[in-house]
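This report refers to the structure that appears directly beneath it.
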Amino acid sequence: MNSKKQILLGTVISYIQGILSALIGIIFIPILLNCLSDSEYAVYQFMSSFYSIFLIDCGLTATITRTYAKYEALDDKSKRDNIMSMSCVIYSVIIFFILLLCIIIYFTMDGVFPSFSSDEIASSRKILVVIGINSVIVIISNLCLAVIQAKEKFIYIKTVLLARTVILPLVAVVLLTQSGKAISYYTAQLILSVLVLVLYLLYCLKNFSVRINFKCFDTDLLKEICGFAVFLFLNQIVDEFYWRTDSLILGAVSGSFYVALNGTASIIVTQYRSFSSLIHGMFLPHLTKQLLKDSNDMEQVNFLFRKISKIQYFIVALIFTGFMIFGKSFIALWAGDVYKDAYILALIPMAALIIPLTQNFAISVLRAVDRQKFRTVFLLASAVLNFSVSIPAAIKWNALGVNWVTAIFLLFGNAVVMNIYYHKVIHLDIKGYWHDLLKLFIPTLICVAAGFLLHSAASFNVSWRSLFVQIAAYMFIYILIMFLFGTDKIEKQELRKLLNRVTKR
């Protein structure tokens with residue numbers, strides 16, 4: 001199956017997985033809240049920050065994907081073999097430092113987080129051990145994942161992730177109901193990580209002739225891998241600064257309640273970010289091979305950039321406006337009135353993320369042409385400032401303060417500075433992007449007005465059934481308005497053709 005079909009079907013599976021993930025999250029979190037005490041739930045949210053931090057692979061997955069795809073296009077088997085051997089060595093070093101960091105945190109946790117009780121510290125330490133083991137398993141599986149991505153076998157990857165999305169909560173619920181401890185969820189994560197590793201290994205062994213050659217040490221290739229990976233690694237650190245350190249700051253200065261409150265909002269924001277970012281990573285191998293042939297051929301790249309950005313906007317705007325309209329009622333039913341402030345805590349960063357999420361394709365372009373240095377360095381500096389300002393903001397305004405600070409830095413860094421860089425240096429069609437976006441502003445406002453009228457008319461009946469009916473009605477209104485006023489003639493014709501094909505099949 002060619003790469004276009006792999007990307008297309010991979011995209012379909014990705015969105016199915018995204019929808020299921022969101023629905024499972026809606027069902028799972030109330031179960032989690034019911035199974036765990038307030039203290040254990042705070043520990044669960046607190047340790048989720050460490051979980052993400054320890055899953056950082058220093059950018060090697062994307063690096064191996066790009067480099068392997070590059071030498072696949074050049075048909076250089078020796079380079080491909082050397083990539084695998086050097087990656088094994090680098091991953092071993094990463095695993096060593098992760099385990100060392102786990103040990104340090106384990107023995108210093110009670111001094112760093114004095115607002116936690118002794119029971120909460122003990123529970124956190126047990127979870128830290130599980131997270132450490134899990135991170136080793138995931139890092140090893142990422143080596144196989146990178147090769148499968150470089151070969152553009154996205155259907156298999158997305159199918160495995162879809163299965164994991166469905167199975168994980170089932171295993172977690174069984175363990176949670178038996179123990180009532182936060183560690184059960186992280187144990188379920190570990191079980192699924194082992195299963196995914198086995199599936200990736202079997203697929204690579206069966207379908208690819210991948211060799212690991214330790215005899216030949218290619219210094220130039222090592223420099224290429226490390227030079228590319230270091231900026232991706234810094235980029236991952238930036239993400240963790242933006243999205244994980246808020247909970248750590250609140251845990252240090254505000255206490256477990258604000259950690260839980262902010263964590264509840266973070267679940268919504270994470271779903272928003274992940275659902276809006278499901279497809280952009282699949283274009284890296286394709287872009288690498290295309291731009292390797294002609295690095296100056298930006299016409300097709302810009303066509304894809306505007307087209308995919310517009311599709312991303314439809315998805316992002318639907319989720320954001322839907323949460324803006326129904327979010328308060330949703331949180332009241334989902335998490336309870338005690339977490340009602342999570343609505344505004346989620347809405348603030350969601351608004352700031354609209355521009356960067358609709359420009360995710362640009363990140364793949366940067367990686368394909370190996371020009372991610374400026375973005376990484378600038379956003380790293382921005383993240384350090386964000387962290388520094390968030391501490392006094394947390395002391396004065398608790399969770400609301402850190403979310404406002406994060407949103408401001410996100411908006412300035414991504415919507416202003418990076419847009420100038422994309423336009424001036426990378427030569428992406430940013431003017432065309434903003435032209436497309438501004439044309440969708442009025443249709444979006446019409447959707448929001450119609451949604452608020454719909455919700456206010458039914459606000460007397462707050463129940464899951466009523467809320468789902470309202471959301472379904474809003475989705476129909478949104479799709480209709482965007483089809484009529486948000487697409488041009490050619491896009492309408494393409495959508496009609498697609499609908500006819502689906503109907504015939």
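Observations
- Subset of region 329-355 that is assigned to a loop (DSSP other than H, G, I, E, B) and of a type in the set (A, V, I, L, M) - its residue that is farthest from H455 (Cα to Cα): L353
- Scanning region 380-404 for residues that are crowded, with 23+ Cβ neighbours inside 10 Å and under 23 Å from I319 (Cβ atoms) yields a count of 3.
- Residues in region 358-371 that are under 18 Å from the mean Cα position of the chain (by Cα) and open to solvent by 10 Å² or more (accessible area, probe 1.4 Å): N360, I363, R367.
- If the condition is being at pLDDT 85 or above and of a type in the set (D, E, K, R), then region 117-162 contributes R125, K126, K158.
- Of all residue pairs spaced 6 or more apart or on separate chains, those with beta-carbon atoms under 8 Å, a first member in region 73-98 that is within 18 Å of S135 (Cβ to Cβ) and open to solvent by less than 50 Å² (accessible area, probe 1.4 Å) and a second member that is at pLDDT 80 or above and among the hydroxyl-bearing types (S, T, Y) are I95/S135; I98/S135.
- Listing of helices (runs of 4 or more DSSP H) fully contained in region 140-254 that carry 1 or more residues being crowded, with 16+ Cβ neighbours inside 10 Å and among the aromatic types (F, W, Y): 154-179, 183-207, 219-243
- Filter result for I16 (touching a Leu at 6+ places or on another chain (Cβ under 7 Å), part of a helix (DSSP H, G or I) and open to solvent by 60 Å² or more (accessible area, probe 1.4 Å)): yes
- Scan of region 353-380 for residues that are aliphatic (A, V, I, L, M) and farther than 21 Å from I308 by Cβ, ordered by number: V377, L379, L380
The values are calculated or read from the model by the stated rules, or taken from the named source; none is laboratory data. Because the structure is a prediction, the values reported are computed rather than measured. Cβ: placed from backbone, ideal geometry, glycine included. Neighbour counts: every protein chain shown. Each accessible area value is taken on the protein alone, full model and side chains, heavy atoms only, with ligands, DNA and RNA left out. Shrake-Rupley method; radii C 1.70, N 1.55, O 1.52, S 1.80 Å.
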